[in-house]
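Report on the structure given below.
Just so you know, all these numbers are worked out from the coordinates, no wet-lab data involved. Keep in mind that what you see is a predicted model, and the values were worked out from it rather than measured. Note that each Cβ is placed from the backbone with ideal geometry, even for glycine, and that neighbours are counted across all protein chains shown.
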């Protein structure tokens, strides 16, 4: 009997001791630092390589009120890139005075979050799609470059469907700001899936997710890599991101991918739609869609017969 009571007491204590909520290890207002390294390896370990560190930003806070930070650099085009080699940007966000290097004494797993972005894409040669400046009606700068690339390829006798290497000239990283604990089993499924997928969870705590925002990275802005280039530009940007906005953007991104595959949208149509959704305030966008749906509903209603004073019938 004593053993049974002891076991029941132990189970009860263990149940009470188990945390009932999942919480982010970063708290509102925590001071942060950003470090971005570039390398040809998808797994970065050379934290002592000062040439690889291209951006170190301090004085940030874990808050939705933090302003956007940007930096533009020029990256040297090496023979490795000419030969269809890969290249990556590695962003580490740590709490102030902590190191992203796991071998350093100042490293703390729950004070560091990171993301790796491939900067080189391998795709079919992009074709000009007729984008022009709104005011002058001149071809957009990237449109002119696409035309030159198509002309050079034709002159060299290369096939139109040729696959080539492209440089992605921008990296927009958004840190999800999540300051409210989540009851176990009640965390948004999409968010929890990302946290587990990027191995950001540890027990009942997790470090915040960095979202690689590809919605603003248009394929028409990609730069073809060839031997005539000496450097290529890279714009690095940081913005805070509300949790609800993150879920909306991921669903939107998945929706565009499905529409391209299932509806056969052209690249221009897809790029135009992405730009409209990303650059428009979501509340304004929802209002516009609701108004459009309401007007469409009434426009599709059959006319109603009405009687006038003299007995004639009219349609309304």
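Listing for the model above:
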{"quantity": "Calculated FRET efficiency for the pair residue 78/residue 124, C-beta based, R₀ 30 Å, to 0.05", "calculated": "0.80"}
{"quantity": "Label point 7 Å beyond Cα of residue 239 along Cβ direction - residues of the stretch 202-221 with amide nitrogen under 20 Å", "calculated": "208-221"}
